[in-house]
Amino acid sequence: MVAEPTDGRCSGGTVEGMTTAPDDLAEALRASIGRIVRATRALTDEIPQAQSASLGLLDRQGPQTIAELARARGVKHQGQSRTVAELEERGFVDRVASEGDRRVSVIRLTDAGRAVMLRERRARAGTFASVIGADLSEAERAVLAQVPELFDRIAARLER
């Protein structure tokens, strides 16, 4: 059961034997989300994680330089340059001159790159949905249905 928001000052407690202390809850969620993401990707992904993450960024944020992609992914320029070269070899991205500075190359998603990224997203969602449908009761699914809105609120706060 999801508690109604209070004045924002929560020291925590327990609900049905589970802690609601923000630090404990944050760590438990971080670990669980990471485990779900890793397990789902291991079952479904067609391409390496670095390539998948780069395609996702290009899809969400549009064309970017290698430096921008590296910064967004938290990796070194050299590593991102290698990832872009691999994606380019596979026809998933291409390089075009920047409109603002013709000397700068901008990386953009191709139709083939978009297709593989969407296939992976659908496969992940399908795998996740299969487990939810097979292993969770209607009551558990009702609780889980509240999570996306809560995560969206947390993300909005973090993005400010």
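The values are calculated or read from the model by the stated rules, or taken from the named source; none is laboratory data. Everything numeric here is computed off the predicted structure, so don't read it as measured data. Positions of Cβ are backbone-derived with ideal geometry, glycine not excepted, and every protein chain shown enters the neighbour counts.
Quick check on the range 130-146. Is at least one of its residues touching a Phe, Trp or Tyr at 6+ places or on another chain (Cβ under 9 Å), surrounded by fewer than 16 Cβ atoms within 10 Å (Cβ to Cβ) and over 19 Å from residue 40 (Cβ atoms)?
The answer is no; no qualifying residue exists.
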Residue, nearest to residue 128 (Cα to Cα), within the range 18-38, restricted to residues that are β-branched (Val, Ile, Thr), without any contact (Cβ under 8 Å) to a residue 24 or more places away in the chain and part of a helix (DSSP H, G or I): 37
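With 88, 149 as the choices, which residue is of a type outside the set (Gly, Ala, Ser) and within 30 Å of residue 25 (Cβ to Cβ)?
The unique qualifying residue is 149.
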Members of the range 104-140 that are part of a helix (DSSP H, G or I), in contact with a Lys or Arg (Cβ under 9 Å, 6 or more places away or on another chain) and touching a residue at least 12 places away in the same chain (Cβ under 8 Å): 112, 113, 116, 120, 124, 132
Where residue 101 falls short, out of the listed (1) under 25 Å from residue 68 (Cα atoms); (2) assigned to a helix (DSSP H, G or I); (3) free of Cβ contacts under 8 Å to residues at least 24 places away in the same chain: (2)
Identity of the residue in the range 11-60, among the polar types (S, T, N, Q) and at pLDDT 90 or above, that ends up surrounded by the fewest Cβ atoms within 10 Å (Cβ to Cβ): 32
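Among the hydrophobic types (A, V, I, L, M, F, W, C), surrounded by 10 or more Cβ atoms within 10 Å (Cβ to Cβ) and in a strand (DSSP E or B): is that true of residue 154 in this structure?
no
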